[in-house]
Structures are given as structure tokens and as C-alpha cells.
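Novice: A single structure is presented below for examination.
The values are calculated or read from the model by the stated rules, or taken from the named source; none is laboratory data. All of these numbers come straight from a predicted model, not from anything done at the bench. Cβ sites come from the backbone with ideal geometry, for glycine too, and all protein chains shown count toward neighbours.
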Amino acid sequence: MSESTIESVLHEERVFNPPSEFSSYAHIKSLDEYEQLYEKAKADPVAFWAELAEQELEWFQKWDTVLDWNDPPFAKWFVGGKINICYNCLDRHLTTWRRNKAALIWEGEPGDTRTLTYAQLHREVCQFANAMKQLGVKKGDRVGIYMPMIPEAAIAMLACARIGAVHGVVFGGFSAEALKERLGDAEATLVITADGGFRKDKVVALKEQVDLALANNACPSVQNVLVVQRTKEPVTMVEGRDHWWHDLQKQVSDDCPAEPMDSEDMLFILYTSGSTGKPKGVVHTTAGYNLYTHMTTKWIFDLKDTDVYWCTADVGWITGHSYIVYGPLSNGATTLMYEGVPRPSNPGCFWDIIEKYKVNIFYTAPTAIRAFIKMGEELPNARNLSSLRLLGTVGEPINPEAWIWYHRVIGNEKCPIVDTWWQTETGGIMITPLPGATPTKPGSATRPFPGILAEVVDLDGTPVPANEGGYLVIKHPWPSMMRTVYKNPERFRNTYWEHIAPKDGEYIYFAGDGSRQDEDGYFWVMGRVDDVINVAGHRLGTMEVESALVSHPSVAEAAVVGKPDDLKGEEIYAFVTLEGDYVASDALLKELQAHVVKEIGAIARPGEIRFTDVLPKTRSGKIMRRLLRSLAAGQEIVGDTSTLEDRSVLDKLRSGS
Ligand code: 6R9
């Protein structure tokens, strides 16, 4: 085992074949078909993407060059082409029967609902775009969007895309401080917000946070604030700066042609937290992003025109951008959006929604699945979930036991599961099953999407043997790859392109994750390499130890970190939350230690286990192990905590609950 790789210790043998009925009507129907497609794309990725771009999107003007990779790592796709993603998401469907098809079904947390057909959504987007123009927004200007999960969040994004303004969505749960930092970096001229939103039975006062962020001229670039009325709670409107959307809507026309954009014009900036330093503004551009999110949505979610598709993400996360808004609408799908989240007053709300709208495709995160498991099977079992035909997960490695539960309880053992690995930076899903083609193994994201040359390598870029852990990399540019870090190309270069340094000088994208590939070429993502624990020279990924803990019936969720140890370098420190019926005890602690030894081996035995009610997570449900590492070592927490979902969690952990 060399210093430059990661040891893999957990093995999972179960395999689930795609149900033959599902395969028979899927876009990609067999493993053979996938493999042929994959080989074709690998042999000539440029020709592969060009053919799809021609077939699947509408262009105002065709491109001259498919890929310009003369100045790596800065890629350009479809150079010379003119296109508009909002046009591809809306206008092109209006000349078909989809004109009166539901584009967006929305349900608010209090139970209010709205459905917008493609024609209605188009009309509102045009009005919104004209309102933005009236406020002086021009092509290339940056617009901050700080919204609850209401239709206007998607409308605002599409309106920006329509007129060529660059949106920067900031998650509605972030603090005024986090908002200020992002608006400042983007030099936004307009902020779109709402009076507030409903979340977990509380009113979230968004406008108040915007006022705080802009106070004392902290963001001098911001000239206007456009406010959507949602909660009807009183807000302060600053004369000349703040405008109600419902007032402007009455004044503007609903005619707003889509601006022909260059393929490489910036579409959006989305900030992703770094473990050190300030958040990075990940830049995505127009054509390549449109193509890649379109194709991945079509083949991975196997979309049919009759499907109701629901992704539970927030639009403030890349998953909301690519797989609530752009990918589904570009395909002419019906996309469902829900303002709420499971909460004590309505823990079964997701199952109610699936039953009510007869949802066919359901895409959520492992953190949510682990929470459902903790709440018990009775809730989903009390609802009719028979409309479901496909399930997906994203955000973290899914522990095999959570996968099995999802498959059995939610999927009734008939729905394929797509475990989709990707990142803000990749723009779209990179490693995933195609549901009619790929046999799945619980805990594995399986194989790369056609056109994606993913590998597991050591620090020199040399592929590691099957079943050995290493670094997950992508070897050829792909259409929706991030183009740069906003205003910071050096940071782009050194964060993603310099860790893996092949001797021949080839540029390889390093994702920051550890992984192994098994003998079938399946990828098993082991977690972030920053989180790797070094026990007596053995470098262990977090995922495998956590999955061993979660496979014990008492454990709902687990997070492991390294705690400095004089002898071993680091010792494994586990934070564990328990299933409803279990109570913490010394006996249970010993049982869990023994369980990990049995599942993995003595090397992975957690030296310490702390039972807790909560784990610190980001808004997209990722466990923030960096914070737990400081806690385990008894150190002060330093670095960026702006993306924490619930800031009180740290106090709870510090005080020992
Ligand atoms: C889409 C999204 C990216 C990081 C990524 C990885 C983790 C996401 C995963 C997964 C294992 C999966 N991740 N999906 N790990 N299996 N199916 O989550 O983007 O918020 O930028 O996070 O999330 O560690 O590097 P983002």
C-alpha cells in the first residue's frame, strides 16, 4: 500500500438486475447497448457530443468548433454557436402539444398549490425578464437570487437566462453574512428575494436577511431588490431600491424574445464552500451545460412524456439547478417542486406528495433516506406509492443498508435505483447506473455516463489495480464542466488540476474524492480525501467505516473522523445517532466496536464512539466532518461554517448532547 492511495476494506456482494419490463421500454435497454454507447463516445468524445447537440437542442446558429482545449484547463465547447437555454427549456415546447402540459407542479409547505403549463411558465418568465430589464439589468450582469422554494425561484433563474444575465442562487437558509459575501464576490446589481418562506413550520424572513446583507452599503454594486410576496408578513421596503414583483408584473409586457447567447457566455455562478478560505464561485456556461443536463436527465431518469418527476433538492444547490429546473424542462418534462421538508408536524409529507401527484420518478439524498429509516416504515407504508417506477440518490455515498431499505420500502423491490455521483463543478451526473441497462450494487454509483472518462489513479495519474483505493479523476473535458472559479482562474487551476500530476503533463481533473473500482469497473466512492483517516499507516476512507456502523440495527447515522493519537497517528472517532428504539450505553458502545471489527477488521475499530442526537450538515445534507474533527481533537472550530444547515447543532455538540 503506497502513501499515495487509500485502502479499501468493505465488501458488498449483492447485485440487482434492472427489471426486464423496465428495460423493455427504457431509452437505453441493456448493458450491451450502454457499453457500445460508452465505447463509441470514448473513441471520439467530440463527435459523440456534436451529434447529440445537433439532435437534441435548438440553436440560433451552429457552432464552428466543438471543443477548444488549446489552453487547458480552460475548455470551450461549441465555439461560435448561438443558443439560449431558456428557449430550449420553454419556447421550443410551445409549438408542440406540450404547450398545455404541466411544466411545473408546486406545493407550498402550508399546502397551497400551483401548476404552471409550459405556456403559462413561458408567459411568467417573459414578464419577469421584462421587469428585470426595466430595473436596468443587462446581458452579462450578475443577479443574486435568494428565495424560498416557490415557482418564482425557477422563474427568476429562467428569466435571467432568457436575457443573458448571470444568476447566482444563494440558498435561502444561509445567513445575511454568507449572502453578503456571495453578492459582493459576484458584484451583483440586482437581488431577487421574497418577503419570506415557510420552512419547518416557521416563517423564514428572507427580506430581512437581504436588508442586513445590504446594510451600510456593504454591497455597493446592488442597485435594486425585487421582492416576491409569499408570506405576506410585513417587510421594510427601501424607497427607490426595493420593488414588489406583483407591482412590476402589472406594468410589463409578456413579450420578451430570448437573447441569442454565445455558447460560452456565462450562465450562472454557484458558490461552493471550501474547507479553507472563502467559498469558490463555480462558473458554468450556456451550451455545454444545456446539452449535458439535457442528456443526463433523459437517459438517467429515463424520462417519458407521461412522467411526474420529483427531485427533492433545493434550487440553491446544483442539484436543483440541473435536475429540478434546466434538465427536466429542456426535456419537456413535468417537474415537481415542494417548499417543505419532513418535519415533526408532518414527517410523512414526502409520501403524501408521491401519492397525491402520482409521482413516477423520485430523486433524493442519502441523508433524507437515513432520516426516513429512523422515522420508521409505518409512514411510507400508510401511503400508496405504487406510481413510483424509478428512484435516485445524490449528495453522499449511500450506505448499502440505506440503499436496501430504499429499494424495499419505497421502491417495493421493483424500482431501479440510480446512485448518481457528481459535483457542483461537474454540472451534471458523471457516474451512475442507466436504469434499464446497468445491474446495480448497493453503495456503488456503478459506471460513468457515456462520454465521461473516469478513472481511479495514484498521485502520478497511474490507474491503480482493481479494488485498490485511489483518487477519482476525469480524463477528458466534458460539456458541462466548470469553466473557472469566478475572478480567480489560479484557484481553479490549483484546486482541481494540480494534485494529480502525470509525468507527460496531461491535464487531469481531480474531484477531491477517494474511490475504488471493482473487477467489473464499478466505482465505489469512499468519501472526500480531505477526510481520509490515517491509522498506523493505513489510509481509510470515511464511507466504509460509517457503512459498517450503519449496518448495525441500532445505528441511524454515523460520521467518523480521525483524532490525533501519539501511537497510531490517528485513531478513529465515531459520532453515532441511534434509531428510535435504542438508548446509548457502554454495552452498546462495545457492541458497535465489535461489530466494526467483525465487518471490516481490527484496523477500523473506532477507539471512541460518541452517541449524539445531531450531526452537523450542510444544506444539501452532507456531514461536515471537518467540524467533527475539531470537536474530537478538542480544538476550536475554525474555517467556513456559513453553509451549516442548523447553526445550533455546534452548540449542542459542544455541550455534549
Ligand atoms: C451533486 C452534489 C459534491 C460531492 C462529491 C462527493 C459527494 C455526491 C455522491 C457523492 C458518493 C454519490 N457526492 N454524490 N458521493 N456518491 N452519489 O452533491 O454536488 O454539493 O458539489 O457535492 O458530494 O463527495 O465530491 P456538491
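Novice: Could you run through segment 254-309 and say how many residues are under 25 Å from Y486 (Cα atoms) and acidic (D, E)?
Specialist: Of the residues in segment 254-309, 4 are under 25 Å from Y486 (Cα atoms) and acidic (D, E).
Novice: Follow-up. Quick one: F492 ticks every box in (1) surrounded by 18 or more Cβ atoms within 10 Å (Cβ to Cβ); (2) within 23 Å of Y38 (Cβ to Cβ); (3) of a type outside the set (V, I, T) except a single one, so which number is it?
Specialist: Condition (2) is where F492 drops out.
Novice: Mind listing just one residue for me: the one in segment 173-204 that is assigned to a helix (DSSP H, G or I) and out of contact with any Gly (no Cβ under 7 Å at 6 or more places or on another chain) and, of those, nearest to A153 (Cα to Cα)?
Specialist: Applying the filter and picking the extreme gives L179.
Novice: Return yes or no: is D581 part of a helix (DSSP H, G or I) and modelled with pLDDT under 95?
Specialist: Taking the combined requirement at face value, the residue does not satisfy it.
Novice: Spot the failing condition for V456; the list is (1) more than 21 Å from the chain's Cα centre (by Cα); (2) within 16 Å of the ligand (Cβ to nearest atom); (3) modelled with pLDDT under 95, and only one is missed.
Specialist: (3)
Results for (1) more than 26 Å from the chain's Cα centre (by Cα); (2) of a type outside the set (V, I, T), shown as yes or no for each residue.
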{"position": "Q61", "(1), (2)": "yes, yes"}
{"position": "N70", "(1), (2)": "yes, yes"}
{"position": "K82", "(1), (2)": "yes, yes"}
{"position": "C86", "(1), (2)": "no, yes"}
{"position": "L90", "(1), (2)": "no, yes"}
{"position": "T96", "(1), (2)": "yes, no"}
{"position": "I105", "(1), (2)": "no, no"}
{"position": "E109", "(1), (2)": "no, yes"}
{"position": "L121", "(1), (2)": "no, yes"}
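Novice: Name the pairs whose Cβ atoms lie under 6 Å apart, with the first residue in segment 472-487 and polar (S, T, N, Q), the second modelled with pLDDT of 95 or more, and 6 or more positions between them or separate chains?
Specialist: Listed by first residue and then by second, the contacts come to S480/G288; S480/Y289; S480/Y292; S480/G427; S480/G428; T484/V283; T484/F492.
Novice: Let me ask something else about it. I need the helices (runs of 4 or more DSSP H) fully contained in segment 271-357, keeping only those with at least 3 residues that are within 16 Å of the ligand (Cβ to nearest atom) and in the same structural domain as T231 (by TED's automatic domain parsing).
Specialist: Working: elements: 286-300, 327-330, 349-357.
Of the helices (runs of 4 or more DSSP H) lying wholly inside segment 271-357, none has at least 3 residues that are within 16 Å of the ligand (Cβ to nearest atom) and in the same structural domain as T231 (by TED's automatic domain parsing).
Novice: Something else now. Applying the selection to segment 103-117, what residues are touching a residue at least 60 places away in the same chain (Cβ under 8 Å) and surrounded by 19 or more Cβ atoms within 10 Å (Cβ to Cβ)?
Specialist: Within segment 103-117, A103, L104, I105, W106, E107, G108, E109 qualify.
Matching residues to (1) in contact with a helix residue (DSSP H, G or I) (Cβ under 8 Å, 6 or more places away or on another chain); (2) near the ligand (Cβ under 9 Å from one of its atoms); (3) modelled with pLDDT under 95; (4) outside the structural domain of Y496 (by TED's automatic domain parsing):
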| residue | (1), (2), (3), (4) |
| --- | --- |
| P380 | yes, no, no, no |
| V394 | yes, yes, no, no |
| E401 | yes, no, yes, no |
| I410 | yes, no, no, no |
| P416 | yes, no, no, no |
| T426 | no, yes, no, no |
| T432 | yes, yes, no, no |
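Novice: With (1) on the phi < 0 side of the Ramachandran plot; (2) modelled with pLDDT of 95 or more; (3) crowded, with 21+ Cβ neighbours inside 10 Å as the list, and I6 as the residue in question, which single condition is left unmet?
Specialist: Condition (2) is where I6 drops out.
Novice: For residues in segment 546-566 being in contact (Cβ under 8 Å) with a residue 60 or more places away in the chain and not in a strand (DSSP E or B), which is surrounded by the most Cβ atoms within 10 Å (Cβ to Cβ)?
Specialist: A548
Novice: If I ask for residues that are part of a strand (DSSP E or B) and either surrounded by 24 or more Cβ atoms within 10 Å (Cβ to Cβ) or within 12 Å of the ligand (Cβ to nearest atom) (or both), which ones from segment 534-545 would you list? Quick ask: steps written out before the conclusion?
Specialist: The first filter runs over segment 534-545 and keeps only residues part of a strand (DSSP E or B), leaving 534-535, 538-540.
Once the filter is applied, which keeps residues that are part of a strand (DSSP E or B) and either surrounded by 24 or more Cβ atoms within 10 Å (Cβ to Cβ) or within 12 Å of the ligand (Cβ to nearest atom) (or both), segment 534-545 yields only L540.
Novice: Write out, first by first residue and then by second, each pair whose Cβ atoms fall under 8 Å of each other, whose residues are 6+ apart or on separate chains, and whose first residue, in segment 629-642, is at pLDDT 75 or above while the second is among the polar types (S, T, N, Q) and surrounded by 14 or more Cβ atoms within 10 Å (Cβ to Cβ).
Specialist: Pairs that qualify, where the first residue is at pLDDT 75 or above and the partner is among the polar types (S, T, N, Q) and surrounded by 14 or more Cβ atoms within 10 Å (Cβ to Cβ), are E636/S630; I637/S630; S642/S175; S642/S273.
Novice: Can you tell me which of G172, G184 is buried (at least 24 other Cβ atoms within 10 Å of the Cβ) and either modelled with pLDDT under 95 or among the small types (G, A, S) (or both)?
Specialist: After ruling out the rest, the residue left standing is G172.
Novice: Find the residue count for segment 500-533, including only residues that are buried (at least 17 other Cβ atoms within 10 Å of the Cβ) and more than 11 Å from the ligand (Cβ to nearest atom).
Specialist: Total meeting the criteria: 9.
Novice: Now, a different point. Which one of these does V227 not meet: (1) within 29 Å of D112 (Cα to Cα); (2) in a strand (DSSP E or B); (3) in contact (Cβ under 8 Å) with a residue 60 or more places away in the chain?
Specialist: Exception for V227: condition (3).
Novice: When G376 is evaluated against the numbered criteria (1) within 16 Å of the ligand (Cβ to nearest atom); (2) on the phi > 0 side of the Ramachandran plot; (3) out of contact with any helix residue (DSSP H, G or I) (no Cβ under 6 Å at 6 or more places or on another chain), which criterion, by number, is the only one it fails?
Specialist: If we test G376 against (1) within 16 Å of the ligand (Cβ to nearest atom); (2) on the phi > 0 side of the Ramachandran plot; (3) out of contact with any helix residue (DSSP H, G or I) (no Cβ under 6 Å at 6 or more places or on another chain), just (1) comes out false.
Novice: Considering every residue within segment 30-50, establish whether at least one is outside any helix (DSSP H, G or I), hydrophobic (A, V, I, L, M, F, W, C) and surrounded by 12 or more Cβ atoms within 10 Å (Cβ to Cβ). Don't jump to the end; show me each part of the working.
Specialist: First, pick out the residues of segment 30-50 that are outside any helix (DSSP H, G or I): 30, 44.
Those still in the list that are hydrophobic (A, V, I, L, M, F, W, C) too: none.
Looking through segment 30-50, none of the residues is outside any helix (DSSP H, G or I), hydrophobic (A, V, I, L, M, F, W, C) and surrounded by 12 or more Cβ atoms within 10 Å (Cβ to Cβ).
Novice: Looking at segment 603-624, can you tell me whether even one residue there is under 30 Å from E12 (Cα atoms) and assigned to a helix (DSSP H, G or I)?
Specialist: Within segment 603-624 (the criterion being under 30 Å from E12 (Cα atoms) and assigned to a helix (DSSP H, G or I)), the answer is yes, since at least one residue qualifies.
Novice: Sticking with this one: Since E355 meets every condition but one in (1) under 21 Å from the mean Cα position of the chain (by Cα); (2) closer than 21 Å to R114 by Cβ; (3) not small (G, A, S), which condition does it not meet?
Specialist: The failed condition is (1).
Novice: Related question: Could you count how many residues in segment 477-509 are in contact with a Phe, Trp or Tyr (Cβ under 9 Å, 6 or more places away or on another chain), part of a loop (DSSP other than H, G, I, E, B) and of a type outside the set (D, E)?
Specialist: Of the residues in segment 477-509, 13 are in contact with a Phe, Trp or Tyr (Cβ under 9 Å, 6 or more places away or on another chain), part of a loop (DSSP other than H, G, I, E, B) and of a type outside the set (D, E).
Novice: Still on this structure, please answer the following. Identify all residues within segment 190-206 that are in contact (Cβ under 8 Å) with a residue 40 or more places away in the chain and either closer than 16 Å to G316 by Cβ or surrounded by fewer than 21 Cβ atoms within 10 Å (Cβ to Cβ) (or both); write none if there are none.
Specialist: Within segment 190-206, V191, I192, T193, A194, G196, G197, F198, R199, K200, D201, V204, L206 meet the criteria.
Novice: Give the residue, chosen from I85, I105, I155, I150, that is modelled with pLDDT of 95 or more and farther than 27 Å from N346 by Cβ.
Specialist: Of the residues listed, the single one that is modelled with pLDDT of 95 or more and farther than 27 Å from N346 by Cβ is I85.
Let's see how each residue does on (1) surrounded by fewer than 24 Cβ atoms within 10 Å (Cβ to Cβ); (2) touching a Leu at 6+ places or on another chain (Cβ under 8 Å); (3) closer than 20 Å to S253 by Cβ:
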| residue | (1), (2), (3) |
| --- | --- |
| N88 | no, yes, no |
| L94 | yes, no, yes |
| W97 | yes, no, no |
| N130 | yes, no, yes |
| G140 | yes, no, no |
| Y146 | no, yes, no |
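Novice: Now for a separate question. Could you tell me whether I318 is under 18 Å from the mean Cα position of the chain (by Cα) and under 18 Å from I361 (Cβ atoms)?
Specialist: Criteria not met by I318.
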